[in-house]
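Structure record follows, encoded as structure tokens.
Where a number appears in this text, it was derived from the coordinates with a stated rule and is not lab data. Model, not experiment: these values are computed from the prediction. Backbone-built Cβ (ideal geometry, glycine too); neighbour counts: all protein chains shown.
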Amino acid sequence: MKILVTGSAGHLGEALVRTLQPMGHTVLSLDVLASPFTTHTGSIADRETARACMRGVDAVLHAATLHKPHVATHGRQAFVDVNVTGTLNLLEAAVAERVGAFVFTSTTSAFGDALVPPPGEPAAWITEEVVPRPKNIYGATKTAAEDLCQLFSRNEGLPCLVLRTSRFFPEEDDDPARRASVCDANLKVNEFLHRRVDLADVVAAHLCALQAAPRLRFDRFIVSATTPFTPDDLAALRTDAAAVLRRRVPRFEALYAARGWKPPATIDRVYVNDRARQRLGWRPQLDFAHVLERLERGEDPRSDLARVVGSKGYHRSRADTDPVPPRAGTPVEPDARA
């Protein structure tokens, strides 16, 4: 199969290229940055670039985007140019080339204000039925791009699936309060309970989506690690998440105590991956329990793929309050990272 991967210099794009090539696929890859995993350097915001890269392609994995951290460094128009116009350019080119599957990498950030219930309310149980309420230009442009995918599936017959991925970046959290509360490793392991997924599992979801797109035609899926919690836990998660965790995964206590780690005091949302597992046949491997097993064996909790790809950052320069490390020589340009 001839597959176009956009955002190939980024975390997910590189991981996709690394995975697809040994499988025997012909991979074309596009990014504004040159990299060992990029065959075409250019922007998806340029229509001719999108058309040129789409020629003869059987399937598309569209991971290029401007991310939430770029809100601090890029104007709103740049987000529209890359996340909306860029996606439109790719969709139009895909229809012209009669592409058989188009997979769009979206984000759970698209849910926006729906992720945080009012004080005193239970934690939010986030499924695909929750209506997004974007709270910044990043979320607004990602939901607009999702709608374009649905439009092209319905009106042009393009098989198109949307994957709303939760956190898989290796960089430090962009929230100063969370960074100050616990060490980075502790924070990331906690997030596997409700809002994080390993990069290898994200790649696996994209491969499942490639296979399922011709059958499903259009759908949206949350891609996040399988949570140990249930809807019955939601009220207690908001007031005493540690107590719920002791009931659900009691083995965590000794491991955390040995490291001086803390469980989350409160959890405001839980991402639910049931639809992706049921309809895509996706089988994520790294959930909270699996991460604990790796830690007990003295292993890095990340997958081999996540370790190989490593940390890339998002900006050439940063303000003192920006925890995201820069990539050496990285220009501040659109659609570079997935």
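Below, the figures for the structure above:
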| item | result |
| --- | --- |
| Candidates per trypsin sites (Lys or Arg not before Pro) in region 249-308, loop by DSSP, up to 15 other Cβ within 10 Å | Arg251, Arg297 |
| Nearest-ten-degree value, helix 234-248 long axis tilted from longest Cα axis of the chain | 70 |
| Projected area averaged over orientations for the chain, convex hull of C-alpha atoms, nm² | 16.2 |
| Interchain or long-range residues, amide H under 5 Å from Gly10's placed H | Ala338 |
| Region 59-129: GluC sites (Glu not before Pro) falling in loop per DSSP and having at most 11 other Cβ within 10 Å | Glu129 |
| Loop trypsin sites (Lys or Arg not before Pro), region 45-148, which have at most 10 other Cβ atoms in a 10 Å radius of their Cβ (DSSP) | Arg98 |
| Translational D in µm²/s for region 126-256 (Stokes-Einstein at 4 °C, 1.567 mPa s, Kirkwood Rh from C-alpha pairs) | 75 |
| Stokes-Einstein D (µm²/s) once Rh is taken as the Kirkwood radius of region 161-205 over alpha-carbon pairs, at 25 °C in 0.890 mPa s | 214 |
| Residue of Pro214, Pro117, Pro159 that the Gaussian network model of the chain assigns the largest fluctuation, springs spanning Cα pairs under 10 Å | Pro117 |
| Environment charge at Val308 (Cβ cut-off 13 Å; Lys +1, Arg +1, Asp -1, Glu -1) | 0 |
| Size of charge dipole - the chain - debye, nearest 20, with Cβ of Lys, Arg +1 and Asp, Glu -1, no other charges | 360 |
